[in-house]
Amino acid sequence: MSFIQEIENRRTIYNIGSQVNQSNQEIEILIKKAIRLSPSAFNSQSSRAVILFDESHQKFWDIVKNTLQKLVPENAFEGTAKKIASFAAGKGTVLFYEDQDIVKNLQEQFTAYADNFPVWSEHSSAIAQFAVWTALSEEKIGASLQHYNPIIDEETAQVFDVPHSWKLRAQLVFGSIEAPAGEKEFMQDEQRFKTFE
């Protein structure tokens, strides 16, 4: 398939399971390669990832669930618990980080662009997330991007030995596709694009 077709096929898959055809090692290699090949401003390579499978994946979603249980009203927690259980049903999770030491070093080296480096770091993270998500989709692995940071940051860092300079930006949960994504609606091109010749 063409790259555009791969982008078109990449969808948010919420109904996932743990029965993927690939080994953990094969998936790990794919994720690392997708991040390694993702472009970054000044070739800073600021993106970092913690890749969780099986028990570690479950442990992470237990952290999320336990954290939310302290914050969500009791009468509303059942829905939250079901949502977290749907993520925990997957095969794994990629925790996307940005190394703030890299950002600070670039700010010191190139002071004229200092204000831009945190923004460009976010761009790098987004590109890496998209690359991994699309690469998993190409392998028929479903995924959805979640954002439970920053409420889980401290405990997650402790449990998975994450360096202090790494800032959590997103969590991509993945697994076997148990039900396809629904129809996707697009706004009119006239609302999004301008073309001049």
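With the requirement that a residue be outside any helix (DSSP H, G or I), open to solvent by 10 Å² or more (accessible area, probe 1.4 Å), of a type outside the set (D, E, K, R) and in contact with an Asp or Glu (Cβ under 9 Å, 6 or more places away or on another chain), what does segment 71-102 give you?
Passing the criteria: only Ala89.
For (1) at pLDDT 95 or above; (2) part of a loop (DSSP other than H, G, I, E, B); (3) of a type in the set (D, E, K, R), each residue gets a yes or a no:
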{"site": "Met1", "(1), (2), (3)": "no, yes, no"}
{"site": "Glu6", "(1), (2), (3)": "yes, no, yes"}
{"site": "Gln19", "(1), (2), (3)": "yes, yes, no"}
{"site": "Gln22", "(1), (2), (3)": "yes, yes, no"}
{"site": "Gln25", "(1), (2), (3)": "yes, no, no"}
{"site": "Glu28", "(1), (2), (3)": "yes, no, yes"}
{"site": "Pro39", "(1), (2), (3)": "yes, yes, no"}
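Which of (1) in contact with a Ser or Thr (Cβ under 7 Å, 6 or more places away or on another chain); (2) assigned to a loop (DSSP other than H, G, I, E, B) does Phe186 not meet, given it meets every other one?
All conditions pass for Phe186, except number (1).
Filter segment 151-183 down to the residues that are more than 18 Å from Asp54 (Cα to Cα) and either of a type in the set (Val, Ile, Thr) or open to solvent by 100 Å² or more (accessible area, probe 1.4 Å) (or both), then identify the one that is farthest from the chain's Cα centre (by Cα).
Ranking the candidates gives Glu183 first.
I'd like the full set of residues that are loosely packed, with under 13 Cβ neighbours inside 10 Å and within 13 Å of Ser176 (Cβ to Cβ), limited to segment 3-19.
Answer for segment 3-19, where residues must be loosely packed, with under 13 Cβ neighbours inside 10 Å and within 13 Å of Ser176 (Cβ to Cβ): just Gln19.
Would you please name the residue that is farthest from Thr156 (Cα to Cα), looking only at residues in segment 32-49 that are hydrophobic (A, V, I, L, M, F, W, C) and open to solvent by 20 Å² or more (accessible area, probe 1.4 Å)?
Phe42
Give me the pairs, please: first residue somewhere in segment 41-55 and without any contact (Cβ under 8 Å) to a residue 60 or more places away in the chain, second residue anywhere and outside any strand (DSSP E or B), beta-carbon distance under 6 Å, and either six or more positions apart or on two chains.
Here the result reads Ile51/Glu28; Ile51/Ile31; Phe53/Asn24, each pair linking segment 41-55 to a residue that is outside any strand (DSSP E or B).
Before we move on, is Ala135 small (Gly, Ala, Ser), under 25 Å from Phe3 (Cα atoms) and not in a strand (DSSP E or B)?
yes
When you go through (1) open to solvent by 40 Å² or more (accessible area, probe 1.4 Å); (2) touching a residue at least 24 places away in the same chain (Cβ under 8 Å); (3) not in a helix (DSSP H, G or I) one by one for Gly142, which number turns out not to apply?
Of the numbered conditions (1) open to solvent by 40 Å² or more (accessible area, probe 1.4 Å); (2) touching a residue at least 24 places away in the same chain (Cβ under 8 Å); (3) not in a helix (DSSP H, G or I), the odd one out for Gly142 is (1).
The values are calculated or read from the model by the stated rules, or taken from the named source; none is laboratory data. Small disclaimer: the values here were computed from a predicted structure and weren't measured. As a convention, Cβ positions derive from the backbone with ideal geometry for all residues, glycine included, and neighbour counts pool all protein chains shown. Protein only, heavy atoms only, side chains kept; ligands, DNA and RNA dropped before computing areas. Shrake-Rupley method; radii C 1.70, N 1.55, O 1.52, S 1.80 Å.
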